[in-house]
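The values are calculated or read from the model by the stated rules, or taken from the named source; none is laboratory data. Just so you know, these numbers come straight off a predicted model, no measurement behind them. Please note: Cβ atoms are built from the backbone with ideal geometry, for glycine as well, and neighbour counts cover all protein chains shown. Surface accessibility is based on the protein's heavy atoms, side chains included, excluding ligands, DNA and RNA. Shrake-Rupley method; radii C 1.70, N 1.55, O 1.52, S 1.80 Å.
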Amino acid sequence: NPYAGLVSHLRAAWLSGKTRPMEYRVAQLEALGRFLDEKKQEILEATELDMGKPSFEAFFSEILLCKNELNVTLNNLCHWMKDEHVDKNLVMQLDSAFIRKDPYGVVLIIAPWNYPIHLFMVPLIGAIAAGNCAIIKPSEISKNTERLVAETLSCYLDSDCFAVVTGGVPETTSLLENKFDYIFFTGSPPVGRIVMTAAAKHLTPVTLELGGKNPCYVSDTCDVNNVARRVAWGRFFNAGQTCIAPDYLLCTVEMQDKLMPALREAITEFFGPNPRESPDFGRIVSDKQFRRIRALLSSGRVALGGQTDEAERYIGAPTVLADVQPSDPAMQEEIFGPVLPIVTIANMDEAIDFINARPRPLALYAFSCDSKVVNQVLERTSSGGFCGNDTLMHVTLTSLPFGGIGNSGLGKYHGKFTFDTFSHHRGCLHRNMGLETLNAPRYPPYTQQKLGILTATFEVKRRGTCTLL
């Protein structure tokens, strides 16, 4: 295997204990901060070349949010690393019972192309903070960013403990044949199954950050203009190439009629009368993705936009599809582009049934001026994350876990959740060497008296009922 030597090299470094001291972890994390600061312009240029990503969007998603993760981690690492002492029973009051946060060892981080810095950087921050060595596999599809990461990251990080591997499917397949101690994958559900199958051969734990079709329910009681702006921003940010973008709207026919002029106005406000000329509207990452998205435009009727230019990989302006049927092509796969289908339903109950009849999404959105409606959607559905009366914004809080459920993924990260994901929570008990008479009731020969003493000292009694307010 072409990567066996590299994995062995990193494992030797990890076994040496090099990555365990807090000072080492802090130094590597600060080096990541310098990478983001010193390579800021190159990152903006590379993401612009890869998918026409506007510099505003690139700075916000690829640099600012990464710096936030980094600073939250540096601000809290000494606290996160401490042993967590736990409750003890009567017998062990003089002993020490605690949870030790151990690193897993050598971890593999496989990142996608749509946010090519953010989606390797945030997991890497947690992996380093937890004391692991790591191999990073950026996506070959965003080739300019891949080249930037491969050529420059090693100048900042310790090459004995961290490495970047480039290439496509054959290289990733070979990489996955090696034994890792943890695998963190971001991508599509079909590839997630391949990663999980490879991990199963070594009984390697995984986090799978996958995608899916994120529903967005819009009730009849809402501020239509605000909904239009927030939905249009979330759907068309990064030209729709966002795993948590609202994938389709669910609303009544009456609300669809109200939303259409409001969406047209919001799109014009954001991108001007000709979005093709806007510096704030990106492009599709590859010809293959462009053709796939263009084929979805046959769904329903094109109410707004619909123009395409294969030479530019441009789909605009952006596109809203009205009266889309559940059987239409746009409802059979994650769109991952600047196309917003609207599916009409009779009421909230029908919207909830529609959502629950499909695989559980990575994100779910609900808009209503009535908080009871938003709470109903939250309580009666299941999704990786939820955001009421806005889109995407829940992902900007490092205090919230981010991850999927079912078809949309496995595991969670962001902030302390990333540190915990890359840490083995090791249950530890350190007992007193003396006081042997306290142990006598557990030893044979057994008697009813010993059982009574054991029950009295080990039994956990119920205190009473717990009420959810």
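Screening the stretch 73-122 for residues that are in a helix (DSSP H, G or I), in contact with a Ser or Thr (Cβ under 6 Å, 6 or more places away or on another chain) and open to solvent by less than 60 Å² (accessible area, probe 1.4 Å) and picking the one that is modelled with the lowest pLDDT gives VAL91.
For every residue, the table says whether it meets (1) outside the structural domain of ASP247 (by the TED database); (2) modelled with pLDDT of 95 or more.
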residue: ARG380; (1), (2): no, yes
residue: THR396; (1), (2): no, yes
residue: THR418; (1), (2): yes, yes
residue: ASN432; (1), (2): yes, no
residue: PHE458; (1), (2): yes, no
residue: LEU469; (1), (2): yes, no
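Could you say whether any residue in the stretch 56-72 is more than 24 Å from the chain's Cα centre (by Cα) and surrounded by 18 or more Cβ atoms within 10 Å (Cβ to Cβ)? Looking through the stretch 56-72, none of the residues is more than 24 Å from the chain's Cα centre (by Cα) and surrounded by 18 or more Cβ atoms within 10 Å (Cβ to Cβ).
If you go through the stretch 267-293 and pick out every residue that is closer than 20 Å to SER142 by Cα and in a helix (DSSP H, G or I), you end up with 7. Contact map, the stretch 60-85: first residue farther than 29 Å from CYS428 by Cα and not assigned by the TED database to the domain that holds LYS101, second residue outside any helix (DSSP H, G or I) and open to solvent by less than 20 Å² (accessible area, probe 1.4 Å), Cβ cut-off under 8 Å, separation 6 or more or different chains; the map is empty. The residue list ALA150, ALA163, ALA134, ALA200 contains one member that is under 21 Å from LEU74 (Cα atoms) and not assigned by the TED database to the domain that holds VAL395, which is ALA134. Residues in the stretch 157-177 that are over 19 Å from ARG25 (Cα atoms), in a loop (DSSP other than H, G, I, E, B) and open to solvent by less than 20 Å² (accessible area, probe 1.4 Å): VAL165, GLY167, GLY168. Taking ASP158 as the residue in question, decide whether it is acidic (Asp, Glu), under 19 Å from LYS18 (Cα atoms) and touching a strand residue (DSSP E or B) at 6+ places or on another chain (Cβ under 8 Å). For ASP158, the condition - acidic (Asp, Glu), under 19 Å from LYS18 (Cα atoms) and touching a strand residue (DSSP E or B) at 6+ places or on another chain (Cβ under 8 Å) - is not met.
Each residue in the stretch 132-156 was checked for being assigned to a loop (DSSP other than H, G, I, E, B) and among the hydroxyl-bearing types (Ser, Thr, Tyr), and 3 of them qualify.
Residues in the stretch 208-251 that are β-branched (Val, Ile, Thr) and within 19 Å of LEU378 (Cα to Cα): VAL218, THR221, VAL227, VAL231, ILE244.
Annotation note: of THR421, THR398, the sole residue that is in contact with a His (Cβ under 9 Å, 6 or more places away or on another chain) and open to solvent by less than 40 Å² (accessible area, probe 1.4 Å) is THR398.
Among the residues of the stretch 368-379, what is the count of those that are more than 23 Å from the chain's Cα centre (by Cα) and surrounded by fewer than 17 Cβ atoms within 10 Å (Cβ to Cβ)? Total satisfying the criteria: 5.
Looking across the stretch 430-469, just one residue is farther than 22 Å from ASP87 by Cβ and touching a Phe, Trp or Tyr at 6+ places or on another chain (Cβ under 9 Å), and that is LYS450.
Considering each residue of the stretch 232-241 in turn, at least one proves to be open to solvent by 10 Å² or more (accessible area, probe 1.4 Å) and within 22 Å of the chain's Cα centre (by Cα).
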